[in-house]
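Taking it in order: structure first as structure tokens, then the write-up.
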Amino acid sequence: MVGKRNVTTFRKLWKIISRDNCTYYTDDWSVYSEVIPRHQHVVGKQHTLSIESNNSNTRHRTQNCKNDQKNKGSFKI
């Protein structure tokens, strides 16, 4: 989703990603509370720490793979 960081853009994204049987864990950006139904929305870092850690590890490993591919492609004997 490309757009400004505002409620209009998030509403468009929400139409695409929302599921009735899910709980959404977010930070306290006010737009989330305006769009996500209260019964599906949990605000706070205590629940997102492991997710953010996993994302960080994934980015790190993906970057390493990308660097390996660059190195292999430029290696000459």
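Read-outs throughout are calculated quantities, based only on the coordinates presented, and are distinct from any laboratory measurement. Here the structure is a predicted model, which is why all the values come from computation and not from measurement. Because the Cβ atoms are built from the backbone with ideal geometry, glycine has one as well, and the counts that use them run over all protein chains shown.
Overview of values
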| item | result |
| --- | --- |
| Residue exposure sequence - Thr26, Thr8 - by fewest surrounding Cβ within 10 Å | Thr8, Thr26 |
| Cα pair distances in region 1-43, grouped into 10 Å bins until the bin that holds the longest one, percent each | 29, 59, 12 |
| Spin-label zone in region 29-49 - amide nitrogen under 19 Å from a point set 7 Å from the Cα of Lys4 along the C-beta vector | 29-35 |
| Relative contact order of region 1-43, pairs being alpha-carbon contacts under 8 Å that are 6 or more residues apart, as % | 40 percent |
